[in-house]
Amino acid sequence: MTREKILEFLRKKQDYVSGDLIAGRLNISRQALWKHIQELKDSGYDIVAVPHLGYKLLSTPDRLFAHEISSSLATDFIGKKIYYSETAPSTNEIADALAMKGEPEGALVVAETQTKGKGRLGRIWFSPKYKGIYFSLILRPDILPSQAPILTLLSAVAVCEAIREVCGEQALIKWPNDIYLNNKKMGGILTELSAETDRVRFVVVGIGLNVNNDRKSLISTATSLKDQKNETVSRLQLLRVLLHRLEENYLLFQNKETACIIEKWRHHSLTLGKRVKVYSHKQHIEGQALDVDTDGGLLVRVDSGITKKVMAGDVVHCR
Ligand code: BTN
């Protein structure tokens, strides 16, 4: 808390602030202040100290510290409570445990790296430290389990909107929730549900994005924003904007404006209109991806001319 207050002082002034002034305002000794400044420097804050002038903040590290996300976060309930860790097994696992204990809607779990990052269908999500964005959001919508797929679609829409706003890049969605840039995967969403037959207890929306990964560290089918733009992207800014977009789209959902979410999803779709193969545990179908239904299912016209709906599975776009 003290360190956050020190940062607040330095940020507001954008110039040298005397140590006496900060220590006096925070009611701490000069020595305690010096110690806090050293700790801030160790966490990556570039702070200079000049005799008779005081301290000046030169730059802030691109770390996803809770207080950095919160500062200038334009949301009402998403990210009001943030659990940050440098290393987590999986943010979805932590969020799930927190939600079980009653953590409120909007709480966020963020990590700089994951040792057991989970992807869909039991896959691993590669989460190199300080390179990507890995977080999980707890939601408590009053819905039936069958309505949950829309949460995944609206999250994918929010990701595309945030990437557009921050980086000017046109990300697209491979049904249901893979984020693509130039035909390579740069992000994914893992939505996990805790539900009874007719009631959702809570939902954990886990989002992983490749942001500043170098091309040589990525497999040939994957990309990152840095790989596409040839420049480093502020993860902090992207995350703040994404949380805002998630809240906006979630509110649309709460206000029963699902049609608007689906329309936006269509606009960002990489899948619609393509010939696809869909693998699910029940069936394997091939045909033309026609549309997404109001419940988020993918409508595929198979070669016999019949239209089938798939609610879950792995899509392969055919050439
Ligand atoms: C996929 O495309 O298969 C979904 C990937 C989801 C990865 C994110 S990273 C943050 C959150 N925690 C996890 O363990 N997984 C999700």
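Readers should treat all values here as calculations from the given coordinates under stated rules, not as data from a laboratory. In this text the structure is predicted, and so the values were computed from the model without any measurement. Methodologically, a virtual Cβ is constructed for each residue, glycine included, from the backbone with ideal geometry; neighbour enumeration extends over all protein chains shown.
For the chain, the longest principal axis of the Cα atoms and the long axis of helix 91-100 meet at an angle of about 90 degrees.
Counting alpha carbon pairs within less than 8 Å and at least 6 residues apart, what relative contact order, in whole percent, applies to the chain? The value is 13 percent. Contact order for the range 59-120, expressed relative to its length and based on alpha carbon pairs under 8 Å spaced 6+ residues apart, stands at 41 percent.
Summed over qualifying helices (DSSP H, 4 residues or more, each -39500 (n - 2.57)) and divided by its residue number, the chain shows a 222 nm mean residue ellipticity of -10000 deg cm²/dmol. This ranking places Ile219, Ile69 by how few other beta-carbon atoms lie within 10 Å of each, fewest first, which gives Ile219, Ile69. Sparsely packed loop sites in the range 1-65 (the GluC sites (Glu not before Pro) outside DSSP H, G, I, E and B with at most 16 other Cβ atoms within 10 Å) do not occur.
The range 5-78 and the range 305-319 have their alpha-carbon centroids 52 Å apart. Binning all Cα-Cα separations of the chain at 10 Å, short to long from zero, yields these whole-percent fractions: 6, 24, 30, 22, 10, 5, 2, 0, 0. Between beta-carbons, use under 15 Å as the cut-off and find the net charge around Ala171, counting Lys and Arg +1, Asp and Glu -1. With Lys, Arg at +1 and Asp, Glu at -1, the neighbours total +4.
Taking only the Cα atoms of the range 1-154, the radius of gyration and Dmax are 19.5, 65 Å. Each of Met1, Met100, Met311, Met186 was scored by other Cβ atoms within 10 Å of its Cβ. Listed from fewest to most, they are Met1, Met100, Met311, Met186. Checking every one of the trypsin sites (Lys or Arg not before Pro) in the range 215-277 against DSSP loop status and a limit of 16 other Cβ atoms within 10 Å picks out Lys256, Lys274.
Full extension of the segment from Ala312 to Glu39, taken as 0.36 nm per residue of separation minus the current Cα-Cα distance, would add 93.6 nm. Each Cα pair under 8 Å and six or more residues apart adds its separation to the average, and for the range 82-162 the resulting relative contact order is 30 percent.
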